[in-house]
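Reading through the C-alpha cells given below for one structure.
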Amino acid sequence: MIKTLLLIFNPADAWDRIINARRSLLAVLVLYLLPLLVLTSLGEAYGLIHWGKMQGAARLPRTFSVHQALVFEGAYIGFMLVIVFVGAQVVKAMGETFHGRNTYGQTFTLISYGLGPVFLLHLLDAFTPISPWATWGVGILLSSAVLYHGVPKVMEPDPPHAFGLFLVTSFVLFLATGLTRFIMAQYLQGRLSDLSSLHGLAGYPFLS
C-alpha cells in the first residue's frame, strides 16, 4: 500500500525505485500485487458482512453472509489478476507495434503498479454510502496519472511514440476495469438476482 501511495503522490521517484529494484514477475506478484488485492478485498468483505450495500428502489442496506462476501471477493481478485496478466501481454504486443522490445516481465510490472490506485481505492467500497463507480472513477484517473510517468520509464519507447503508447495502454485498462466494475456493481446493487433462476442455481448462496 505504501508503494501505491508513493506512486500517487510522487510517481517519478517511485517508478525510478521500482525500475532500479529489478524485481522478477514472481516477486511483483507475491510481494506487491497479491497482498494489495487480498488486503483491500478483505476490507470490503468486512463492510459487506457488517454494513451491506444499498439495494432496491427503497435504497435499503442489505448485508451479505460470510460465504457470499468471500466468494464475491474471490471473484474480484480473479478478475483483477486476469486483467493484469492478459493486459500485460496486450500492452507488450502494442509496444511492439511502436517498435518496442519489452519483456513480459516489464509490462507485467507496469500494469501491476499502474493499476495500484484502482486496487487501493477498492478498500473504500467497504463503506455502504460510497458508490462503487466513485471509487473506480477516482482510481482509474489516478492510475492514468501513474501510467503517464510509468510507460516512458518502464517501456522506454521512442519519444514520438511515448504519448500514443500511454493513451492506448490507459484506454485498454479503462475498458477492462470498467467492464469488471459494471458486473460487480450490478451484483452488489441486487440487479443480477435473476441469474439464479435463469441457470437453475437458486439454491447457490452467491447467486440467490
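Tabulated results
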read-out	value
Cross-chain or 6+ apart pairs with Cβ under 6 Å, segment 104-118 first and buried (at least 24 other Cβ atoms within 10 Å of the Cβ), then part of a helix (DSSP H, G or I) and of a type in the set (Lys, Arg)	Thr107/Lys92
Search result, residues across segment 103-159 that are farther than 17 Å from Thr4 by Cα and outside any helix (DSSP H, G or I)	Thr103, Phe127, Thr128, Pro129, Ile130, Ser131, Glu156, Pro157, Asp158
Of residues in segment 157-208 being under 21 Å from Phe108 (Cβ atoms) and modelled with pLDDT under 85, the one surrounded by the fewest Cβ atoms within 10 Å (Cβ to Cβ)	His161
Residue ranges of helices (runs of 4 or more DSSP H) in segment 1-72 with at least 2 members hydroxyl-bearing (Ser, Thr, Tyr)	34-50
Checklist (1) under 14 Å from the mean Cα position of the chain (by Cα); (2) assigned to a loop (DSSP other than H, G, I, E, B) applied to Arg191, failing item	(1)
Filter result for Gly139 (of a type outside the set (Asp, Glu) and at pLDDT below 95)	no
Subset tally (residues that are surrounded by fewer than 20 Cβ atoms within 10 Å (Cβ to Cβ), in contact (Cβ under 8 Å) with a residue 12 or more places away in the chain and assigned to a helix (DSSP H, G or I)) for segment 87-102	3
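Quick grid of which residues meet (1) among the aliphatic types (A, V, I, L, M); (2) more than 19 Å from Phe127 (Cα to Cα); (3) modelled with pLDDT of 95 or more:
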site: Gly56; (1), (2), (3): no, no, no
site: Arg59; (1), (2), (3): no, no, no
site: Arg62; (1), (2), (3): no, no, no
site: Ala69; (1), (2), (3): yes, no, no
site: Met80; (1), (2), (3): yes, yes, yes
site: Val84; (1), (2), (3): yes, yes, yes
site: Asn102; (1), (2), (3): no, yes, no
site: Gln106; (1), (2), (3): no, yes, no
site: Leu110; (1), (2), (3): yes, yes, yes
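The values are calculated or read from the model by the stated rules, or taken from the named source; none is laboratory data. These numbers come from a predicted model, not from an experiment. Cβ atoms come from the backbone with ideal geometry, glycine included; neighbour counts cover every protein chain shown.
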